[in-house]
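A.B. asks: Below are the structure tokens for one structure; questions will follow.
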Amino acid sequence: MSDTDPDVDDEPQHRRTPGKGVSPEARPIEASVPEEFGLVQLFWGDGKGKTTAAMGMGFRAAGHGFRVHMLQFMKGGADSVDDVRGEYNAIAAMPGFSYENTGHYGWHALPDGSDETDHQNDAQAGLERAKELIAAAADADLTEPFDLEDPPEDGVHMLILDELLYAADRELIDPDTVQELVDTKPENLELVITGSHTKPDYLYDHVDLVTQIGKEKHPIDAGQRARRGTEY
């Protein structure tokens, strides 16, 4: 029995949690501001789920009323992928979450039957756009809420640079420019970067969280094509 609360030991353990063991109900999304944003996160590895993890975190942040934007590098897809991805539809329906894509069809150097095209210009355009968005965040007051319909040029609380590490790994952009991009991030911007099967050692001293997503078994190795609803 507790000396301070004689009844506490009579409660089930799940009733002593902050939520008291009750499933929370969804609440309306209202523009809000994060209290502790400002880290740089990396998701890399040869396993499935890097983009999925980053987008999941984006949805979580947007669900709290924070402004989130995702800029995708090299995400135009392959000839096995429809021209509309499920995540784009979901993001379009989510208040405060927006996206843009600088890639095009044909995945660079992937032997999946895709048509190969020149990705260099697209990667460079994506890099310049990332610089613009980070500069816009630096000019904005990230300690205040944003209107959930405001464009990302007005500032965001979380910026996801999806597949940026792949573009650097494949030498479509200089890895040093990625490091410089991270170093110019404003203090309160949460920056999330994904991609690459190769460990991005050049960034480890410049980031706060690194998650390696490793493959143990993947149906692509047996010839499975991308599937609607799981890969796109």
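The values are calculated or read from the model by the stated rules, or taken from the named source; none is laboratory data. Fair warning: this is a prediction, and the values are worked out from it, not measured in the lab. Neighbour counts run over all protein chains shown; Cβ positions are idealised from the backbone, glycine included.
A.B. asks: Quickly run through region 19-36 and pick out the residues that are loosely packed, with under 10 Cβ neighbours inside 10 Å and under 30 Å from Glu187 (Cα atoms).
C.D. replies: Arg27, Pro28, Glu35, Glu36
A.B. asks: Another question, if that's okay. Hey, any hits in region 140-155 for a residue that's farther than 18 Å from Glu36 by Cα, in contact with a Ser or Thr (Cβ under 8 Å, 6 or more places away or on another chain) and either modelled with pLDDT under 95 or of a type in the set (Asp, Glu) (or both)?
C.D. replies: No, the conditions are met nowhere in region 140-155.
A.B. asks: Of all residues in region 153-185, how many are over 17 Å from Thr102 (Cβ atoms) and in a helix (DSSP H, G or I)?
C.D. replies: Total satisfying the criteria: 7.
A.B. asks: Restricting the search to region 135-157, which residues are touching a Leu at 6+ places or on another chain (Cβ under 8 Å) and buried (at least 21 other Cβ atoms within 10 Å of the Cβ)?
C.D. replies: Ala137, Leu142, Pro152, Gly155, Val156, His157, listed by residue number.
A.B. asks: Name every residue in region 115-126 that is surrounded by 12 or more Cβ atoms within 10 Å (Cβ to Cβ) and either modelled with pLDDT of 95 or more or assigned to a loop (DSSP other than H, G, I, E, B) (or both), in order of residue number.
C.D. replies: Selection gives Thr117, His119.
This table checks each residue for (1) touching a residue at least 60 places away in the same chain (Cβ under 8 Å); (2) not in a loop (DSSP other than H, G, I, E, B).
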position	(1), (2)
Glu187	yes, no
Val192	yes, yes
Ser196	yes, no
Lys199	yes, no
Asp205	no, yes
Val210	yes, yes
Gly214	yes, no
Asp221	no, yes
Gln224	no, no
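A.B. asks: State the number of residues belonging to region 43-74 that are outside any strand (DSSP E or B) and at negative phi.
C.D. replies: The initial filter retains those residues of region 43-74 that are outside any strand (DSSP E or B), namely 45-67, 73-74.
This time we only want the ones that are at negative phi, so: 46-48, 50-64, 66-67, 73.
Count: 21.
A.B. asks: Answer with yes or no whether Asp183 is in contact with a His (Cβ under 7 Å, 6 or more places away or on another chain) and not hydrophobic (A, V, I, L, M, F, W, C).
C.D. replies: Yes.
A.B. asks: Still on this model: Looking only at region 167-182, count how many residues are surrounded by 14 or more Cβ atoms within 10 Å (Cβ to Cβ), without any contact (Cβ under 8 Å) to a residue 40 or more places away in the chain and among the charged types (D, E, K, R).
C.D. replies: Result for region 167-182: 1.
A.B. asks: Right, something else. Taking region 25-47, which residues are modelled with pLDDT of 95 or more and either of a type in the set (A, V, I, L, M, F, W, C) or within 11 Å of the chain's Cα centre (by Cα) (or both)?
C.D. replies: Ile29, Ala31, Val33, Phe37, Leu39, Val40, Gln41, Leu42, Phe43, Trp44
A.B. asks: Please verify whether Lys50 is of a type in the set (D, E, K, R) and under 21 Å from the mean Cα position of the chain (by Cα), treating the condition exactly as stated.
C.D. replies: Here the answer is yes, as Lys50 does meet what is asked.
A.B. asks: Of everything in region 37-61, what is out of contact with any helix residue (DSSP H, G or I) (no Cβ under 7 Å at 6 or more places or on another chain), crowded, with 19+ Cβ neighbours inside 10 Å, under 13 Å from Asp162 (Cα atoms) and hydrophobic (A, V, I, L, M, F, W, C)? Give them in sequence order.
C.D. replies: Ala54
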